[in-house]
1. Debye sum, Cα scatterers, the range 1-105, no solvent: what log₁₀ I/I(0) at q = 0.11 1/Å?
2. Report Rg (one decimal) and Dmax (nearest whole number) for the range 10-241, counting Cα atoms only, units Å.
3. Given H placed 1.01 Å from N in the peptide plane, which residues other than close sequence neighbours of His38 have an amide H under 5 Å from its amide H?
4. If r is the Cβ-Cβ distance from Asn171 to Glu242 and R0 is 35 Å, what FRET efficiency results, to the nearest 0.05?
5. So which of Lys16/Lys137; Lys73/Lys137; Lys16/Lys73; Lys196/Lys222; Lys16/Lys214 end up more than 31 Å apart, counting from Cα to Cα?
6. Provide the net charge surrounding Val84, with neighbours chosen by a C-beta distance below 13 Å and charges set as Lys +1, Arg +1, Asp -1, Glu -1.
7. Report the local net charge at Asp163: Lys and Arg +1, Asp and Glu -1, summed over other residues whose C-beta lies under 12 Å from its C-beta.
8. With point charges of +1 on the Cβ of Lys and Arg and -1 on the Cβ of Asp and Glu, referenced to the Cα centre of the range 10-241, which listed residue (Ile216, Ala148, Val235) lies farthest in the positive direction of the dipole?
Amino acid sequence: MDTHVAPDTDAITQAKIELAAACRWASRLGFQSGVCNHFSVAVPGRPDLMLINPEGYFWSEVTASSLVLADHKGTILSTNGNTVELTAFCIHAPIHAALPQATAVLHTHMHHATAICMREGGEIAKSYLSAMSFYDKIAYDRAFDGAALTPAEGARLAGVIGDATVLMMQNHGPIVVGTTVGEALLRLIYLEDTCKMQLLAEAGGAKLAPIDPKLIKASEPKRFTNYGRTLMTAVVRTLTSEEPDFRT
Ligand SMILES: [Zn+2]
């Protein structure tokens with residue numbers, strides 16, 4: 001890393017550990033497709049820079065030191081020799097640049113959420129407890145234009161996300177954002193759970209019972225952020241015990 005650009009403070013070290021941990025944990029959950037899909041986090045104190053998983057690596061291989069540090073123009077500042085996959089840069093950099101609240105940006109093709117994205121006019125039914133904190137923060141992109149190969153496509157997606165925390169991209173898959181890596185990872189897990197439950201519940205043709213909108217409005221985002229912190233603590237603790245090389 002170029003220390004003139006981003007001093008390796010404790011906060012940056014922690015961000016790297018959390019991003020590498022999120023990759024490892026999502027790998028355990030089967031969320032990666034091939035060596036594609038990408039997780040990124042804005043660098044603490046340097047929101048013009050991002051850390052992102054390296055091109056060509058399984059998430060199960062990612063370590064804190066293998067992450068790529070890049071600016072929003074695509075300049076790679078880390079010196080570990082790793083690169084950023086083109087669509088990863090074109091999706092993540094414009095979202096970080098346009099949405100300061102999107103500290104963490106996670107994109108997968110996880111199966112159940114992507115299955116909902118494949119439906120014509122597919123929507124997430126508001127029927128399951130785990131998604132109550134973000135049911136009203138789900139955006140839908142119906143303008144699929146192939147893989148994101150230009151930053152302009154990422155900027156368009158950022159405009160669709162707006163103040164939402166989940167983007168369901170038709171014919172593609174989901175993006176979740178969060179104010180911390182832990183919060184975003186928890187939202188990713190709950191999103192996949194919710195979509196899986198919906199597909200199971202709908203499989204028999206049953207009508208789903210909607211949750212009272214008043215209850216959804218009353219859910220507390222702060223509590224969710226706290227759950228995200230708790231999740232990340234548990235993920236880091238478990239990985240430190242079972243596959244500690246992720247921290248290196
Ligand atoms: Zn994708």
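1. -0.28
2. Expressed in Å, the Cα Rg and Dmax of the range 10-241 come to 16.9, 55.
3. Hits under the 5 Å cutoff: His107.
4. Details: r = 37 Å, r/R0 = 1.04.
Working from the Cβ atoms, E equals 0.45.
5. Lys16/Lys214
6. Values: positive: Lys73; negative: Glu55, Asp71, Glu85.
With Lys, Arg at +1 and Asp, Glu at -1, the net is -2.
7. Result for the neighbourhood of Asp163: 0.
8. Positive-end residue among those listed: Ile216.
Throughout, read-outs are computed from the coordinates displayed, never taken from laboratory work. Please read these numbers as outputs of a predicted model, since none were measured by experiment. Using ideal geometry, Cβ is built from the backbone for each residue, glycine included, and neighbour counts are taken over all protein chains shown.
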